[in-house]
Structures are given as C-alpha cells and as structure tokens.
C-alpha cells in the first residue's frame, strides 16, 4: 500500500490553456481546464478525438509548455525530476526500441530509475512474468506482435512501481484479450492503492474501471465527477457523453 | 551518470544490431587487403604508404560515421515516438542530449580505433614501426576531433532535419579540414575585405589540424610535447562543450511533432 501525501492531489491542473500558433489563426487546444485527481483513485479522462486529451497529458509530462495555468504531479511541478521518479506512462502506440530484447528494455528502463543488480533483475523477471512475456524475454521486440509490444510497454511503465500511472488511450488497436490485460493492470494498481489516470474515448472501458471522470470537449472541461453521479441510474456513460459532446458542438455553432 | 551511460548503451546496441557499422568493417577488410598487397614502385618495405593510406581511411570513415550517427540520434527518437516514454522518466533533456552524444562519440571512436589497430598490424607485418606513444597521442587527439564532430552533428540536428544537419555538418567540418590550415598562407596575399573575411573564417571554424597527428606517425617522428597535446585536448573539450550547449539550448523547449498533439 502507498502512504499518500496527506493533502496533495496526485494530479492538479489549474487554469490550463494551450494555444498552438497556426497559419490560419491560433489553435486553442486547451481552454482554462482545471481539475484534480485524488490519490488512490482510477480517474477517467474522456473526450472525442481532437478534444485535447493528449495535449493535456503532454503538458502533464512536461513535453509541452502551457500557454497559461499550472500542472503538478504528486505535489511537484511537472518539470521536476522527482515527480517523474514516481510516475509511470503508457502511450497509445507501443513505440519502443525494436532492436532491444524485452528483458534489455526493462533492464535499461530500470537503470534510468537507478535500480541495479539483483533487485533490478528480480523485478524485471517478475514484470515479464506478469505480462506473460517470460518466454519471449530474450527475443528482440521487432519480432513481437502488436499485443506483445503493448504488453512490454506496459511492463516498462511499471518498472519503478509508480505511485501514479498515466495511460494515454492504451486500449486503441488492442484485441479483447489485450483490453482485458489493461483492465487487469488498472485493477491491480487500484488494489495496491496507486493512482491511475486513464485517458480514453472508449467509454465502455472507462465505465468498467474508473471511479471518477473528467470529460473534455473541444479543449474545454465539459463535465467532471463520480461516474455514477454523472450518469445517473437510467443512462449509460456513452449516452451521457454523446449528449454532452453534441451540446458543446451545437453551442459552438450557435455562438 | 547512470542515465548517460544507459542512453549511450542504447545507441551502441542500435548501431551494432542494425548492422550499419558492419559496412565500415567491410571497408576495413578491403583496406587491409589493399594495404597488404601494396607494393609502390617495387618498394615493398616502404611502410609510409601503408600508414598514410590506413590513417587517411581512419580519418575519412571516422568523419563520415561521426556525422551520420550523431545527426540522426535526436530526430530518430522523436520520429519513432520513443522520446515520449523516455522523457516521462527521470531523464532531463540535457541528459538525453549528452547521452546521445556520448553514445555516438564512443561507438565512432571504437570503430576508428579498429582502423588504427588494423593499420598498425599491417605496418608491423610489413616490417615497419609504429611508436606506441605516438599512436596513443594520435588516437587521443583523433578522439577529441570526433567528439567535436559528433557534438556539432547533435547541435545541428536540434534545428534541422537529419539530412540538412548532415549536409551542414559535412560542409562545416570539410571546410575546417581543408580551408583553415591554408588560411595563414592566404592571409599573406589577401588585403582589405577578403583578408578580414578570411580572418573571421579562420577564427570561427574549428581547427581540426590541431588534432591531426598523421604526419608524425607516417614519418616516425617522436611524440609531441605533452603541453601541446593537453592544449589541443582542452581546445577539443571546449569546442565540444560549446556545441553541446547549443544543442541543449535548441532542444530544451522543443515541441515534439510525432503523435496526436491535438
């Protein structure tokens, strides 16, 4: 179990705006977005394609500088290395070093977290077993299927046993078994008292695993709260989401 | 330092496993065969030619390898999307720049020293000499020159695509090799604006001639003064640091283009 910092949210975003310069005028990818993620919860970050989810994650991970606003991870500014020591990140695409073997990838990742020796070797073996890649551990990742690549990237995101795991549309392109793996991963993290930030537009997945959600539409935060409270008893998350996205689109067209 | 060596190791493994470096070893084998069979004007025992050709091969191929390896390290991370999971770890952009440089520099040095070893071997085989102290000095200076070239390649790649960065690196380093040593002689006859321009070029471009100990090896001269070698190594380290600083300035706020940003 994790001992959480008493009052510090796992993620805190306040007044976040991101504008990209463009020839046809500036593109406002995020507009004054604010929300917090409590430690130990599974938080769904929803939105249609192009809503700004990945932009927000890129700000959270320090890949992008916001035009305005602040973001903290585990109580630390996103630029601080100490925040990333306790962070795991799984991207949408299983982009990794195809010339390495699965074991080498995990070992090198562990070294970046200053793990070494027997402790690292043990952790790598355990992770390979957890994601079902023990038999393929010494094969180059280039020879892995897409599902296997997603699993090795999943193991890579867990090498440091992170307190906060950020998943950016991890189920895209996965078969039902792959989706099941991701759900199992999220359940395991929750059971261990860790925080999971799960970005997706696959509502059935989110409904199954998330305690709370924030819905982003056209760069604005359209709704936020507990899944059960937002949806109510007679509506599915999918219906709620479609209504919200349509209303936001209509509002924009009217305005 | 652990992060730097881990990043460097990724560069080495990629170079070795993608088999690109083996092209160099095929060239080395061809060069060795040529050197062994070389018999200029029937002077089979004149090993100066062997050293001259072998060391020229080491310089040219080390140069090509240093440029080609360094310019693609950072853009490649971005293109294949591996920069995102990498920078989500406790790795700063400065460490990424330094790790990529370290990996490029060390693997290029390793390949270049294979050329030195081959040239040394063939020279000994043909009854020639190769003073170990001079070889060590020459190799150290050559390594310093390769460090400068690799740092320049990395710096250019933060501002340009890999092809443009490679072309620019070849022009800058090629001009430095060929033009800079001739500038003092040209300055004697150049006056006015052309003289001033030559002086600017002379001071701006790296002085790779300071790192070139081939003549000393070819003509079996003794080792150079330690102070001169230290000065040249310091100059190389300073130039490398300047280029790496420029690389970091270009990379620290870079927006990555791969993946769905919006």
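Here the sum of -39500 (n - 2.57) over DSSP H runs of 4 or more residues, divided by the residues of chain A, equals -11500 deg cm²/dmol at 222 nm, to the nearest 500.
For residue A:114 and residue A:187, compute 0.36 nm times the residue count separating them, minus their Cα-Cα distance, and round to one decimal in nm. It would help to have the intermediate numbers written out before the result.
Details: separation 73, 0.36 × 73 = 26.28 nm, distance 2.71 nm.
Full extension from residue A:114 to residue A:187 adds 23.6 nm.
Of all DSSP bridge pairs formed entirely within the protein assembly as shown, close to 55 percent run antiparallel.
Please pull out the direction-averaged projected area of the stretch B:2-253, using the convex hull of its alpha-carbon atoms, in nm² to one decimal place. Please report the intermediate quantities before stating the final value.
Details: hull surface 63.5 nm².
If I average the Cα hull's projected area over directions, I get 15.9 nm².
Along its three principal directions, the equivalent ellipsoid of the protein assembly as shown from the Cα gyration tensor extends over semi-axes of 54, 27, 18 Å, largest first. Remark: chain A is approximated by an ellipsoid whose semi-axes, taken from the C-alpha gyration tensor as √(5λ), come to 32, 20, 19 Å, largest first. For the segment A:97-105, counting C-beta atoms of other chains within 10 Å of every residue's C-beta and taking the mean gives 4.
Only helices enter this figure: runs of n ≥ 4 DSSP H residues, each worth -39500 (n - 2.57), summed and divided by the residues of chain B, yield -25500 deg cm²/dmol at 222 nm to the nearest 500.
With each pseudo-label sitting 7 Å past Cα toward Cβ, what's the residue B:164-residue B:33 distance in nm, one decimal? It works out to 4.1 nm between the two label points. Dividing the mean sequence gap of close Cα pairs (under 8 Å, 6+ apart) by how many residues the stretch B:2-253 holds gives a relative contact order of 28 percent. For the stretch A:94-194, a/c is not less than 1.5, where a ≥ b ≥ c are the root eigenvalues of the C-alpha gyration tensor, and a/b does not top b/c. That puts it in the oblate class. Taking all Cα-Cα distances within the stretch B:1-131, those exceeding 23 Å account for 44%.
Treat the stretch A:1-149 as a sphere of radius equal to its Kirkwood radius over Cα pairs and apply Stokes-Einstein at 20 °C in a medium of 1.002 mPa s; give the translational diffusion coefficient in µm²/s, rounded to a whole number.
Values: Rh = 17.9 Å.
Using the Kirkwood radius from Cα pairs, D works out to 120 µm²/s.
Bear in mind that the values in this text are calculations on the coordinates, not laboratory data. These numbers were taken from a predicted model, which means no experiment stands behind them. Please note: Cβ atoms are built from the backbone with ideal geometry, for glycine as well, and neighbour counts cover all protein chains shown.
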